[in-house]
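Have a look at the structure below, then the notes.
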Amino acid sequence: MTPEQFLRDLERKGPPPLLLFAGPEDCLRKKCRAALAAKCLTEEEREQGYVRHDLEEIALGEVLDDARSFSLFAPRRLIWVSSAEAALPRGRSAEEEEDGAAKGGMPEMIAAYAKDPPPGVTLVFDARRWDFEGEDKTRMERLLKFYAAAAVVEFRRLDLRQAQELALELAAARGLKLGRREAELLAAVTAADGMRIETEAEKLALYCAGRAATAADIAALVPDAEESTVFELVDALARRDRRRALDLLDLLVRAGEYLPLALMFLEGVFRMALAAREQKLRTAQDVQGYFQRLGLPMWRSRAEQIHAAASRFTAAQLAAGIEAIFEADSGMKSTRPDDRLVMERFILKLTA
């Protein structure tokens, strides 16, 4: 179920006895966890009734035994179990897992618990390490199969529309006046990261002090705002999504960005992505290590973005993009051009 479905069911039916929170999105997880705690326990009950375990430090069997045990001082308990991924068997075949032979048949232990859960206890396994798509997809499928007896809440990464709606919701809760276009900009420059959106909304609420937030405010306060938007632009160009690319250009213009500087940054992305393809760098870690050995600063997030660009474009497309950037740069240096018009022509050429 989605976080929204979970919150609705929690209000109508109360908490299920066994839950799996799965996925990397932390802002909605935080909201669901707070709602679950409020539903399960009163403020007075939380000192004794809110129990935390970590499967990196304790065995799954011990967690289940604790959940079944009677507590004299806490008739109602919420047991939160972090690092749920740690319970999965390692170095065993998929067939063993399916037969329940792996690691003492732990999926069967969970299923047995789910059939006869102790009254007044809500047990939550939390797995935030893996995503539902990409390289983590197979591992996530194993995780969901392992905890098949639990009710699953999926915390998938937000898309841009969901992030925009979250930005509007968080802004309203903080008394921040945020228009839809500004919410879209905030979602884009934070890479649709819910926790970053929450942090930046709090900063903007203090900074704007009752007035409406503008694109310039977002550009001034949000770290790497221009860089994040440029990488979004690279992604849109790779998909030949002309409308999205032009919308992102509009975001840059409204944020007051100097377009020749954005174009220069775009060239750097294309050149590094082309180098990554030529060197056959397979992961973001390979990209980071390669450029660091050349003496170039390369932090993890930028390496991931360059690796994504190298994966989405062919070498020929990257070379053509660099040539188009050179033409656009020359156009910007001609007798007082309209920089936006030059960038629009550049986008039209690459998305043709």
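The values are calculated or read from the model by the stated rules, or taken from the named source; none is laboratory data. Everything quoted here is computed from the prediction, not taken from an experiment. FYI the Cβ positions are ideal-geometry reconstructions off the backbone, even for glycines, and counts take in every protein chain you see.
Some notes on this structure:
- Odd one out for Ile306, checked against (1) under 24 Å from Leu160 (Cβ atoms); (2) touching an Asp or Glu at 6+ places or on another chain (Cβ under 9 Å): (2)
- Looking only at the range 237-267, residues that are at pLDDT 80 or above and small (Gly, Ala, Ser) come to 1 in all.
Per-residue answers, yes or no, for (1) farther than 21 Å from Met195 by Cβ; (2) in the same structural domain as Ser82 (by TED's automatic domain parsing); (3) among the hydroxyl-bearing types (Ser, Thr, Tyr); (4) out of contact with any strand residue (DSSP E or B) (no Cβ under 9 Å at 6 or more places or on another chain):
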| position | (1), (2), (3), (4) |
| --- | --- |
| Asp26 | no, yes, no, yes |
| Arg29 | no, yes, no, no |
| Arg33 | no, yes, no, no |
| Cys40 | yes, yes, no, no |
| Glu47 | yes, yes, no, yes |
| Tyr50 | yes, yes, yes, no |
| Asp54 | no, yes, no, no |
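Listed here are the residues, each with its yes/no results for (1) in a loop (DSSP other than H, G, I, E, B); (2) surrounded by fewer than 13 Cβ atoms within 10 Å (Cβ to Cβ).
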{"site": "Lys39", "(1), (2)": "no, no"}
{"site": "Thr42", "(1), (2)": "yes, yes"}
{"site": "Val51", "(1), (2)": "no, no"}
{"site": "Asp66", "(1), (2)": "no, no"}
{"site": "Ser71", "(1), (2)": "yes, no"}
{"site": "Trp80", "(1), (2)": "no, no"}
{"site": "Glu85", "(1), (2)": "no, no"}
{"site": "Pro89", "(1), (2)": "yes, no"}
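- Filter result for Lys137 (surrounded by 15 or more Cβ atoms within 10 Å (Cβ to Cβ), at pLDDT below 90 and in a helix (DSSP H, G or I)): no
- Test: residue in the range 93-109 that is modelled with pLDDT of 90 or more and either under 17 Å from Pro3 (Cβ atoms) or in contact with a Phe, Trp or Tyr (Cβ under 8 Å, 6 or more places away or on another chain) (or both): no
- Cβ pairs under 7 Å, 6+ apart, first in the range 47-70 and modelled with pLDDT under 90, second surrounded by fewer than 11 Cβ atoms within 10 Å (Cβ to Cβ) and polar (S, T, N, Q): none
- Residues of the range 165-224 satisfying the condition of being charged (D, E, K, R), under 23 Å from Gln305 (Cα atoms) and surrounded by fewer than 18 Cβ atoms within 10 Å (Cβ to Cβ): Asp224
- Hey, Val253 among the aliphatic types (A, V, I, L, M), more than 24 Å from the chain's Cα centre (by Cα) and under 27 Å from Ala183 (Cβ atoms) or not: yes
- Residue count for the range 268-312 satisfying the condition of being out of contact with any helix residue (DSSP H, G or I) (no Cβ under 7 Å at 6 or more places or on another chain), modelled with pLDDT under 90 and of a type in the set (Lys, Arg): 3.
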